[in-house]
Amino acid sequence: MADSAAPVRAIYIVSDATGETAEKVVRAALLQFDLGDQLIDLRMFPHLRHEHDIDTVVAEARAAHALLVSTLVRTEERELLYQKCTAGGVQCVDLLGALLGSLAGFFGAQPRGVPGLLHTVSGVYFRRMEAIEFTVHGDDGRDPD
């Protein structure tokens with residue numbers, strides 16, 4: 001008897017930081033499709049910053065017939081990934097490249113190209129955490145005013 005289970009479709013998420021941005025966008029987009037019993041395997045490849053890592057991911061994506069979705073901020077890495085995907089016959093979607101290009105034109109400035117800026121912690125954050133800790137430690141709950 002043949003197995004009637006739906007095949008698993010793989011989507012590889014490639015990022016030079018955590019990959020959260022791409023994952024959220026992919027999950028939001030997937031909700032727009034009635035996939036029935038289609039199984040989706042989302043695989044995260046965060047902190048991708050070296051050519052050999054790109055080679056490995058593209059080779060794995062090719063073997064899995066996966067769609068590769070990326071949020072690489074450095075132009076060189078985006079172009080390298082695109083070249084490797086094209087050469088390997090891997091379908092690739094660049095979520096940030098067009099937006100960064102449009103924003104550069106809009107603002108008349110070039111993007112920094114620094115991975116992980118969305119998740120950086122600033123001095124403001126630390127001061128806020130100190131204020132919360134002070135409040136929690138100083139509140140004995142006896143005077144609600």
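So, R0 is 25 Å and r is the distance between the beta-carbons of residue 25 and residue 83; what FRET efficiency does that work out to, to 0.05? After rounding, the FRET efficiency stands at 0.65.
Taking each residue as 0.36 nm, the span from residue 60 to residue 99 lengthens on full extension beyond its C-alpha to C-alpha distance by 11.3 nm. Taking packing as the residue-averaged number of other Cβ atoms within 10 angstrom, the listed peptides 29-35, 11-17, 99-105, 61-67 run from highest to lowest as 11-17, 61-67, 99-105, 29-35.
Between residue 39 and residue 18, how high is the FRET efficiency from 1/(1 + (r/R0)^6) when r is the Cβ-Cβ distance and R₀ = 30 Å? Nearest 0.05.
Values: r = 24 Å, r/R0 = 0.81.
Efficiency computed from Cβ-Cβ geometry: 0.80.
Near residue 81, within a Cβ-to-Cβ distance under 15 Å, what is the net charge of the other residues, with Lys and Arg +1 and Asp and Glu -1?
Values: positive: 49, 62, 74, 78, 84; negative: 16, 51, 53, 55, 60, 76, 77, 79, 94.
In short, -4.
For residue 55, the shell of other residues with beta-carbons less than 11 Å away shows a net charge of -1, using +1 for Lys and Arg and -1 for Asp and Glu.
Each reported figure results from applying straightforward, stated rules to the coordinates on display, with no laboratory input. Fair warning: this is a prediction, and the values are worked out from it, not measured in the lab. Cβ atoms come from the backbone with ideal geometry, glycine included; neighbour counts cover every protein chain shown.
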